[in-house]
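The values are calculated or read from the model by the stated rules, or taken from the named source; none is laboratory data. On a predicted model such as this, the values are computed, not experimentally measured, just so you know. Keep in mind that these areas ignore ligands, DNA and RNA; they rest on the heavy atoms of the full protein, side chains included. Shrake-Rupley method; radii C 1.70, N 1.55, O 1.52, S 1.80 Å.
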Amino acid sequence: MGQISLLIARPELADGLVEAVRKGIPLHHACGKVGIEQSQLSTWRNIARGRMTVWPTTGTPIREETRACILELFRRIAQAQAECAANLVDKIS
């Protein structure tokens, strides 16, 4: 099943990560805040970019449902980063 099951089973982790990024916390620190290891984030990023099709520890194929969940997470992170930048610009304007 792989560690992605944690992301699917506990969507509050993704929600917390996205909210922390929206507040301006850098992604690597936001991961620490919600309890996601940097190595796990790197694995998810490689899956999202299509660089990884099997879990590195087991060789089990990554299901399309899992990849879709990861892609959605990174879409939400990018949106949160954009919202944070827009809010900062508003504050200094």
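Rolling a 1.4 Å probe over the protein heavy atoms leaves residue 84 with an accessible area of roughly 20 Å². 3J(HN,Hα) along region 27-39, derived from phi through the Karplus expression 6.51 cos²θ - 1.76 cosθ + 1.60 where θ = phi - 60°, amounts to 3, 5, 6, 4, 4, x, 4, 9, x, 9, 5, 4, 5 Hz, with x in place of Gly and Pro. The phi torsions of region 80-88, fed into the Karplus equation with coefficients 6.51, -1.76 and 1.60 and a -60° offset, translate into couplings of 5, 5, 5, 5, 4, 4, 5, 5, 5 Hz, rounded to whole numbers, with Gly and Pro shown as x. Helical runs assigned H by DSSP (4 residues or longer) give the chain a calculated mean residue ellipticity at 222 nm of -22500 deg cm²/dmol, each run adding -39500 (n - 2.57) before division by the residue total. Principal axis extents of the Cα atoms in the chain, from largest to smallest and rounded to whole angstrom, are 51, 23, 19.
With the full set of protein chains in place, find how many percent of the accessible area of the chain is carbon and sulfur; take the probe as 1.4 Å.
55 percent
The HN-Hα couplings worked out from phi for region 50-63 by the Karplus form 6.51 cos²θ - 1.76 cosθ + 1.60 (θ = phi - 60°) are x, 7, 9, 10, 10, 5, x, 7, 10, x, 6, x, 7, 5 Hz, whole numbers, x standing for Gly and Pro.
Of the candidates 57, 66, 43, which one comes out as most mobile in a Gaussian network treatment of the chain with C-alpha springs shorter than 10 Å? Largest GNM mean-square fluctuation: 57. Taking the chain as a Gaussian network of alpha-carbon nodes connected by springs under 10 Å, the highest mean-square fluctuation of the residues 59, 24, 16 belongs to 59.
Taking the chain as a Gaussian network of alpha-carbon nodes connected by springs under 10 Å, the highest mean-square fluctuation of the residues 14, 30, 82 belongs to 82.
For 39, 93, the ranking by accessible surface with the largest value first comes to 93, 39, using a 1.4 Å probe. Distant-in-sequence amide contacts of residue 62, defined by a placed amide H-H separation under 5 Å and a gap of 5 or more residues or a different chain, comprise 54, 55. Relative to the current alpha-carbon distance between residue 82 and residue 27, full extension at 0.36 nm per residue lengthens the span by 18.5 nm.
Relative contact order, percent, of the chain when contacts are C-alpha pairs under 8 Å separated by at least 6 residues? Relative contact order comes out at 33 percent. Here the ratio of the Cα radius of gyration of region 14-67 to 2.2 N^0.38 Å is 1.25.
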